[in-house]
Each structure stands twice: as structure tokens, then as C-alpha cells.
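J.: One structure, as C-alpha cells, below. Some questions next.
The values are calculated or read from the model by the stated rules, or taken from the named source; none is laboratory data. These numbers were taken from a predicted model, which means no experiment stands behind them. Backbone-built Cβ (ideal geometry, glycine too); neighbour counts: all protein chains shown. Note: accessible area is taken over every heavy atom of the protein model, side chains too, but ligands, DNA and RNA are not part of it. Shrake-Rupley method; radii C 1.70, N 1.55, O 1.52, S 1.80 Å.
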Amino acid sequence: MATAYKADTYQDTQVSSPWGVAQIFSRDFSFNIGTNTSSTGFAVNDTVALCPIPYKSGGYGVMVVGYRVEIPSLDTGTSVRISLGDTDGASNAFQATFVSAVGIGINAAGVLDPTMSFTGTTAVAPVRGVLPIQYLASKVYTDQGNSTTKTIDFMLKITTAPNTATTTGTIKGSLFMHTLQQSAVTF
């Protein structure tokens, strides 16, 4: 049965001052696997909301320009596959926007980055996503008959279950963004 987790730092208020135009800021996150999964590790379709994407701030939204996600060993075998994306879909569903079903965390720690990733000591071809990507303040959805501005999360999903799940380690990293302001180009 899939479980929806939130990072230990999910509720942190990390940006509290007005943003400047084109000023890049990071939204850092951390998720302790042992503490949060009751030392059972991950199962297929488990998700971790790493951090909210604060698209309502700054008037016009934000533009995600990068990310770095450090993944500990998630599987003592070779089965686990993970996806990295957002919840900017219909009914706030997970979308594999950035990375889909990659073998990072197979019996070794690894890093997801849009320019170069690796697992253990092996380089993985560059992960090409849809960066930069805009998140606009005008996106709304209907929740039980009420129009509401939704929360969009930067999310990790276990798309293939580990052979033998590891029960320790910390997923950590940063999402890099800047205030969108007005733009004649849509990314």
C-alpha cells in the first residue's frame, strides 16, 4: 500500500524577504528514511513531498531553474526505480516532470541533477527535463465545489519497489528558483 510522506523540512519557512528580479534562491529539504518510514523503507508508489513550490509568491509566480537531490541507497538489490516531478496535474496528481523511472539509489548513494547524475561511482547520462519551468499564480482547481489555489509540491516517487528496501539514510537537497515577474515567453 502506497504511503504519502512529507519531508522533515516541508513546513519550514525558508524564504521570508521580498525577492529581487532574477535573484535565484534555493528551497532546501531533508527526509530521514528510518524515522519517517518506521524503519521499513519504501514500497512501490510511495511518495515524498520534498518541498512546496511557492508559485503564489512574488505576484507572477516562480520559475524553477534547477535541483539537486541526494539519494541514499534505497535497495540492497537492483530493482528500485524513482521518479522526480511535481503535483501540477489534474486533481493535484503526481507528474514525472523532471525524471522518470531512473535507477538512482540501487545499492549505493546517488545524486539527481539536471546536468549530470550518478549512482555510486558511476556517471549517468544527463537527466534532461523541462527546465526552466514556470509555475504561475493563476492556476486553480476545484476542490469539493470551491475554487482554490492549489499547493504544488516538488515530489519524489518510488515507481518500482526495492528488492530489499534499506531502512536508513536521508534524502536531501535543494530546488532552485527565481521570481518570474512578467515574461513574454512561456517555459
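J.: Which of the residues that make up segment 76-101 are open to solvent by less than 40 Å² (accessible area, probe 1.4 Å) and either part of a strand (DSSP E or B) or farther than 22 Å from ASP8 by Cα (or both)?
T.: Selection gives GLY77, VAL80, ILE82, SER83, LEU84, GLY85, ASP86, GLY89, THR97, PHE98, VAL99.
J.: May I ask you to list pairs of residues, at least six apart or on different chains, whose Cβ atoms are under 8 Å apart, with the first in segment 95-115 being free of Cβ contacts under 8 Å to residues at least 12 places away in the same chain and the second being charged (D, E, K, R) and buried (at least 16 other Cβ atoms within 10 Å of the Cβ)?
T.: As it stands, the answer is GLN95/ASP86; GLN95/ASP88, since those pairs meet every condition given.
J.: Would you check which residues across segment 108-119 are surrounded by fewer than 19 Cβ atoms within 10 Å (Cβ to Cβ) and assigned to a loop (DSSP other than H, G, I, E, B) and list them?
T.: ALA108, ALA109, ASP113, THR115, MET116, listed by residue number.
J.: Still on this structure: Scan segment 59-70 residue by residue and report those that are assigned to a loop (DSSP other than H, G, I, E, B) and open to solvent by 40 Å² or more (accessible area, probe 1.4 Å).
T.: GLY59, TYR60, listed by residue number.
J.: Given the structure, is SER73 open to solvent by less than 50 Å² (accessible area, probe 1.4 Å) and at pLDDT 95 or above?
T.: Answer is no for this residue.
J.: Of everything in segment 15-58 that's of a type in the set (Ser, Thr, Tyr), in a loop (DSSP other than H, G, I, E, B) and open to solvent by less than 30 Å² (accessible area, probe 1.4 Å), which residue is modelled with the lowest pLDDT?
T.: Here the answer is TYR55.
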